[in-house]
Amino acid sequence: ADTLSTADNLAIRDVIARYAWALDTGDVEGFVACFASDGRFVWDAFEEPTVWAGHEALRHFASFFRDLPTSAGRQHHVTNILVTPAPGGAAARSYAAVALRQGDGPHALHVMGWYEDRFRREGGAWKIAGG
């Protein structure tokens with residue numbers, strides 16, 4: 001399709017928000033539910049990007065991420081979301097900033113970057129197909 005409906009655009013934005021909330025709150029199953037059954041997550045935090053594909057691998061990643069010492073109180077802030085039609089579904093680009101709790105003090109900006117994701121409908125809902 002050349003365009004996406006307003007409802008589709010909002011549903012995709014909702015998936016992005018659910019993804020961030022699930023990751024930040026340690027909700028492993030909520031995180032996995034954001035992805036298509038063969039969806040993939042690429043973490044580009046190392047010299048070589050690491051890829052987790054499929055629900056079982058995504059579950060492993062979310063559990064690993066939840067258990068990191070820096071996870072408690074983490075906040076992903078996602079903004080400037082651009083959703084566009086793409087072959088087989090949709091694509092979205094957005095900026096992301098991650099703030100980490102500093103003991104009993106305020107959160108401090110840890111990293112800034114961006115997301116580039118692909119989405120497709122699965123089971124009647126928009127899901128992350130890959131990044």
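The values are calculated or read from the model by the stated rules, or taken from the named source; none is laboratory data. Remember, it's a predicted structure, so these values are computed and weren't measured experimentally. Please note: Cβ atoms are built from the backbone with ideal geometry, for glycine as well, and neighbour counts cover all protein chains shown. For the accessible areas, the whole protein counts, side chains as well, though only heavy atoms, and no ligand, DNA or RNA atoms are used. Shrake-Rupley method; radii C 1.70, N 1.55, O 1.52, S 1.80 Å.
Going by the structure shown, is Gly26 out of contact with any helix residue (DSSP H, G or I) (no Cβ under 7 Å at 6 or more places or on another chain), surrounded by 16 or more Cβ atoms within 10 Å (Cβ to Cβ) and not basic (Lys, Arg)? Criteria not met by Gly26. Consider the range 74-112 and keep the residues that are at positive phi and in contact with a strand residue (DSSP E or B) (Cβ under 7 Å, 6 or more places away or on another chain). The one that is surrounded by the most Cβ atoms within 10 Å (Cβ to Cβ) is Gly89. The residue that is modelled with the lowest pLDDT, counting only those in the range 55-73 that are exposed (fewer than 15 other Cβ atoms within 10 Å of the Cβ) and farther than 12 Å from Leu23 by Cα, is Thr70. Is it true that Thr50 is polar (S, T, N, Q), at pLDDT below 95 and open to solvent by less than 70 Å² (accessible area, probe 1.4 Å)? Criteria met by Thr50.
When Trp126 is tested against the conditions (1) farther than 26 Å from Ala57 by Cα; (2) open to solvent by less than 40 Å² (accessible area, probe 1.4 Å), the lone failure is (1).
Condition check for Gly131 on (1) modelled with pLDDT of 95 or more; (2) touching a strand residue (DSSP E or B) at 6+ places or on another chain (Cβ under 7 Å): one failure, at (1).
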